[in-house]
Ligand SMILES: Nc1ncnc2c1ncn2[C@@H]1O[C@H](COP(=O)(O)OP(=O)(O)OP(=O)(O)O)[C@@H](O)[C@H]1O
Ligand SMILES: Nc1ncnc2c1ncn2[C@@H]1O[C@H](COP(=O)(O)OP(=O)(O)OP(=O)(O)O)[C@@H](O)[C@H]1O
Ligand SMILES: [Mg+2]
Ligand SMILES: [Mg+2]
């Protein structure tokens, strides 16, 4: 059997006196599609941000694709990694944010080509060719020259996905990518992600409140509560026959609020 | 048969070159519960804002409870109403906003008592008594002395409902009152509104994307598209057997996005 | 009798006043350059120097902002020579203006940079840009346009404070006007002309500012 | 031997004039700032035009010119002010013009949503301003008001132009009498800084008072 | 107006404008106003039945506008009589007379003895009060504008001379002497009087229209000159009563 591409080992994350992740461990296999669900404040976003190196960890280890993320070997012991190491590790990971975080001063095409040209030294022509393929994939080839402010929320988010894909990461992180969208615009983004999930063998971690989509998309669902994985399993099992009391309560509330599961 | 409490007659609303409502007419009977649904930008919010006199109209007439809203008789002709007339008409109408719009510098109780004391000259003691009844009704009697910033979104919205009710309007307008809430907090607000709908004979107009709730709540559903009422009818008919192509497409999209109908 | 406006006198003093206008504009222009550079130094020291340096800078900035430019000018011009620094009047004036307004510019820089949303830094990191790349391609292009109106405001304020330079013998507009007034005993014409000049210049600048604000307000909508 | 204690006394006398100018100027500035700031938001064209003219005029012309007019030109139209009055008038109207923009900005920052809530609750314009908008706008104005007060304090240094014996002027006198430049100017620099520091302390205290209970996110 | 003196008697004091240029006018450590000009004015007003004077310190340039604007009742500040000034205000008979002097570096390295010398030496810079007699004399002698530095006050002038920013600082003889003695700097010397520069005298200046008050002032001034009290007041300051008595307003205002 293959090695896990992500191995999270007993990590601790604190904000001042608040312990958000308290000895969390988990593994993700290459190509796996994971959905992280759970109540507000349970640490779902935090774990994605840690993987993207947007936060630091207080304890524990994370291994990505066989290499330590936050540490490097020095002689026999592991010491905290420097910026250069992080920079190299980030090549493997891409992230799409809840609020898109497009670069508002650059047109759609430049948003997508900027990072490949700067970080990989790809020539403009090649970068633009690839960017147009990606924009075509997300259905926005005709918006290449638009500014982000001229796009709807759903279009922005699709550009953000194309931008993250342009770096060809092995792992993609999605943090509630539809929750800032108008209901009618949700579907166009989910369609892109469905296609992505079925057509590539990228590893994907998805935080979402769209239970229906989590169900269709994920190979495995992790239910978080208070910085711990309370329950995990196949979508059918988690959504239809949750074992844990807390999972049951959570799903009941969500269903009552009008979301399909 | 009774007279309609709201009679909208051929109104036109423009924003610069954009015509948002183009000759819209509709009537609402006293005590009726109406749900306004339709795609983004179709003018649902606009019609509520016009009824609340937050916008002006470019043409047409609106009659509320037998009186012209935006016009007064002068001799034989109708002339635009002055601020005094609007002030009198607003007594009949209350509105709850998507983003609550609570007064952040006043405690919950003061949010509810402020308007009755200022606009109706009710004494503090009487106003507070009534406010506590309303807060009790929305389940927040124990939060009377809290500041809005200390409340969750659902609690804020329930306070906003109590605040609007404190003026005892004949007509209540709700504009997407749950769409800014975390999914888990939606239900508590909807519960309050269900109770309100069943216990009072207030006339209510509700704009929502929660199709399930619209279904349960409304006597009649109006489907808006591009500033026009495209289809209207009983909730069963609209949701289960929409006649118009546009209604069908819209409902399909919403369902696909994971909303229960 | 003094209230009578004398056009002939106006034309007679105009060339002298224009000499003053030239110096006023020159001082403003040079002062602005110094302020822009010193402001950047202050901002960097305050935001990213080691704590003691940052704190000392913060105090210096507070001190300079809390005391009148006039007194600072006296200091630069009359006290510094005691320790061997003897600056020509215009240079002393430009440095005084530059340091004083540099503290304001520093605040604008800081606010401009802090106003770039955290999400932009994070997106830059998620797309694996290096720090210098993040500054050059993501942060500064977004931080600078909103600064322009605020910086221009201070430029106008500085322009209106140039009359202070007369205290250290710079023959700018106000000094020329006073000199004319003193030797002719007529205050109304020279002082009114100075007022009109400042008013016209700042009305023009206000229009220019509005244009700038409109021009640079467009870059947003995240 | 130089009688420093006497000269320090002279500077302190000047400091008192500076304090008076600052306090009275700030009071005047505050009043006109609200009048003009709210005037600019008036429904009435004439009021708006008047407020705008005042603001642009006083922000546009230099404080020096304003002082000269208040002191040397006003008497010709029959208004003779004492130097202190002229100083307070010029400084107050000058800083008030800047303050007016602060008032306007803060009131406008209390967004549309709050105004709309007021309309929906049927409050009159006056009630909305008095109970909802101003109480929320005030905390937004205070920091800038503090800065304006410090600008006014610094502005008092130029009143020596109209024979007002403020701190800077007295420092000049001391300098002329003693021949020392460093000591009088260093003394007043420190005094100015202390005054500015007291103003910011006071403002911060005020800010804490008016924002009490308002911590956390806006609603 | 005609009743000005009556008004002053009623209010009990006269408002005078002074500079702060010893020995013409001076402010003590206690804030008390002295100097030859205010002392003479105080005494004369007392005799006119106005018991006190209230002095406000003013820039030279602001004095005449202040007088015209009704801010002062008189200027007693060593403001020398000159034809243009005589046209703007009503002067009393002469009170304090003085010639012009230069303060310059020890040994007078540039050999400057007159305003003309300064004009002829392209390196020489002169400092003088803005709008004052000295500035005018320098400009009239042909010193270009950029070599006539407008200096705000005496102390600044001395400082600039010491710092080498200017080569010569010009004021009336007694003012220069006072400054130089205060500066106590062995590297400064005085050239007095300046060659070719006239002797000037000041008088108390009144607003045009207040000639009645001025005339009353003149009557008392003449009596004091007669009795020798005048000399007693001004001579300790270094002024010559003889000089003031040997000329007249008429002559000084006509001089060109
Ligand atoms: N920068 C921070 N400083 C302090 N506390 C933080 C910070 N970021 C997150 N937290 C806290 O960490 C906890 C976990 O937050 P996290 O954002 O991971 O939750 P989540 O599961 O993503 O919730 P949601 O569904 O609301 O997005 C919360 O209690 C949150 O308040
Ligand atoms: N102040 C305004 N200025 C210009 N256009 C406006 C303004 N307010 C609304 N509009 C436009 O009017 C149209 C109708 O807007 P409205 O807010 O009524 O739609 P809606 O049906 O409530 O949509 P949503 O479901 O997104 O809330 C939209 O095209 C909108 O862009
Ligand atoms: Mg989250
Ligand atoms: Mg809407």
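Every number here is computed from the coordinates shown, using simple stated rules; none is lab data. All values reported here derive from a predicted model rather than from experimental measurement. Neighbour counts run over all protein chains shown; Cβ positions are idealised from the backbone, glycine included.
Placing a label point 7 Å from the Cα of residue E:242 along the Cα-to-Cβ line, the residues of region E:192-210 whose backbone N sits under 18 Å from it are E:193, E:199-201. With the convex hull drawn over the C-alpha atoms of chain D, the volume per residue is 136 Å³. Per residue of peptide E:62-75, the mean number of Cβ atoms on other chains within 10 Å of the residue Cβ is 5. Kirkwood's formula applied to the C-alpha pairs of the protein assembly as shown gives a hydrodynamic radius of 36.3 angstrom.
Counting every alpha-carbon pair across region E:109-256, the share separated by more than 29 Å comes to 29%.
Counting every pair of alpha carbons in region B:63-182, the share spaced more than 19 Å apart comes to 52 percent.
A compact globular protein would have a Cα radius of gyration near 2.2 N^0.38 Å; the ratio found for region C:5-93 is 1.54.
Put a dot 7 Å past the Cα of residue C:7, heading toward its Cβ, do the same for residue C:85, and the two dots end up 5.1 nm apart.
Distance between the pseudo-spin-label points of residue E:113 and residue E:184 (7 Å out from Cα toward the beta carbon): 3.3 nm. Between B:68, B:123, B:157, the Gaussian network model of chain B with springs among Cα atoms under 10 angstrom shows the greatest mean-square fluctuation at B:123. The spacing between region B:124-180 and region A:1-59, judged by their C-alpha centroids, is 39 Å. Normalising the average separation of contacting C-alpha pairs (under 8 angstrom, six or more residues apart) by the number of residues puts the relative contact order of region D:71-180 at 32 percent. For region E:1-59 and region D:52-120, what is the separation of their C-alpha centers, rounded to whole Å? First find each Cα centre; the distance between them is then 36 Å. Pairwise Cα distances in region C:119-222 exceed 18 Å in 65 percent of cases. The long axis of helix D:167-178 is offset from the longest Cα principal axis of chain D by roughly 10 degrees.
Per-residue ellipticity at 222 nm, computed for chain A from helices alone with -39500 (n - 2.57) per DSSP H run of at least four residues, works out to -11500 deg cm²/dmol. Dividing the convex hull volume of the alpha-carbon atoms in region A:40-132 by its residue count gives 140 Å³ per residue. Rg of the Cα atoms in chain B, relative to 2.2 N^0.38 Å, amounts to 1.03.
Between copies, residue A:56 shows label-point distances of 5.9 nm, shortest first, with the point placed 7 angstrom from Cα along Cα to C-beta. Relative contact order of region A:6-257: 26 percent, from C-alpha pairs under 8 Å at least 6 residues apart in sequence. So if we plug the beta-carbon distance of residue B:180 and residue D:20 into 1/(1 + (r/R0)^6) with R0 = 41 Å, what FRET efficiency do we get, rounded to 0.05? Given R0 = 41 Å and the Cβ-Cβ separation, E is 0.20. Counted by neighbouring Cβ atoms within 10 Å, the residues D:118, E:253 run from fewest to most as E:253, D:118. Value of Rg to Rh for chain E, rounded to two decimals, is 0.98; Kirkwood radius and Rg both from alpha-carbon coordinates. Between residue A:29 and residue B:40, the FRET efficiency from the beta-carbon distance, with R0 = 51 Å, is close to 0.80. Across region C:13-217, the mean sequence separation of Cα contacts (distance under 8 Å, 6 or more residues apart), normalised by length, yields a relative contact order of 30 percent. Beta bridges assigned by DSSP with both partners in the protein assembly as shown are antiparallel in approximately 60 percent of cases.
Each of the peptides D:196-203, C:67-74 was scored by the mean count of other Cβ atoms within 10 Å over its residues; in descending order, highest first, they stand as C:67-74, D:196-203.
Between A:122, A:93, A:171, the residue with the greatest mean-square fluctuation in the GNM of chain A (Cα pairs under 10 Å linked by springs) is A:122. Could you tell me the calculated FRET efficiency between residue A:82 and residue A:252, based on Cβ-Cβ distance and R0 = 41 angstrom, to the nearest 0.05? The pair residue A:82/residue A:252 has a calculated efficiency of 0.30. Computed from the alpha carbon positions, the gyration tensor of region D:13-59 leads to an equivalent ellipsoid with semi-axes of 30, 10, 5 Å, biggest first. With N as its number of residues, chain C has a Cα radius of gyration that, divided by 2.2 N^0.38 Å, comes to 1.25.
When only alpha carbons are used to place a centre, region A:201-245 and region E:143-164 end up 84 Å from one another.
In terms of other Cβ atoms within 10 Å, D:53, C:169, A:119, A:249 run from fewest to most in the order D:53, A:249, A:119, C:169. Compared with the direct C-alpha span, the chain from residue A:244 to residue A:194 gains 15.1 nm at full extension, assuming 0.36 nm per residue.
Ordering A:129, B:44 from the fewest to the most neighbouring beta carbons within 10 Å gives A:129, B:44. Taking 0.36 nm per residue of sequence separation and removing the Cα-Cα distance, the residue D:108/residue D:126 pair yields an extension gain of 5.0 nm.
Taking label points 7 Å from Cα along the Cα-to-Cβ direction, residue D:56 and residue E:235 give a separation of 6.7 nm.
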